[in-house]
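Derivation of every value follows stated rules applied to the coordinates shown; laboratory data play no part. Everything quoted here is computed from the prediction, not taken from an experiment. Ideal geometry is used to build each Cβ from the backbone, glycine not excepted, and the neighbour counts take in all protein chains shown.
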Amino acid sequence: MTPRHGHEAGSSIMCGVTEALPHFVRIYTRPWCSYCVAAMRLFDSVAVAYEEIHLDQHPGLRERLAERTDGWRTVPMIFIGERFIGGYTDAIELHRRDQLLPLIRDATAVVGSAKS
């Protein structure tokens, strides 16, 4: 599992979103996946830190994730907290509708209040 880009854990990020947990966004990837690269660039462009998890380094993880995502098997698989949002096209559509950062903000607020 590789921490990637954006800000360091615990720092403020764009639009008043604050990371409640280190690498609150997780992107499950495979090598040579152009959609995975595009997803990571999207999160970089909005200054949101994420953790990249290489599925090829974790045997059986893809199958366990498929069970949690109603059979989703393609990559990237993007999670905000425990919520699966889909792949790159889903994330970019959320961003285009100005819903991606509020989704992250709302999810971190819930986690932050649970820790209090």
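Observations on the structure shown:
- For Trp32, Trp72, order by how many other beta-carbon atoms lie within 10 Å, fewest first: Trp32, Trp72
- Cβ-defined net charge surrounding Asp56, 10 Å radius [Lys, Arg +1; Asp, Glu -1]: +2
- Three-way shape label, region 34-83, alpha-carbon gyration tensor, a/c 1.5: prolate
- Estimated inter-spin distance, Arg105 and Arg64, nm [label 7 Å along Cα→Cβ]: 3.4 nm
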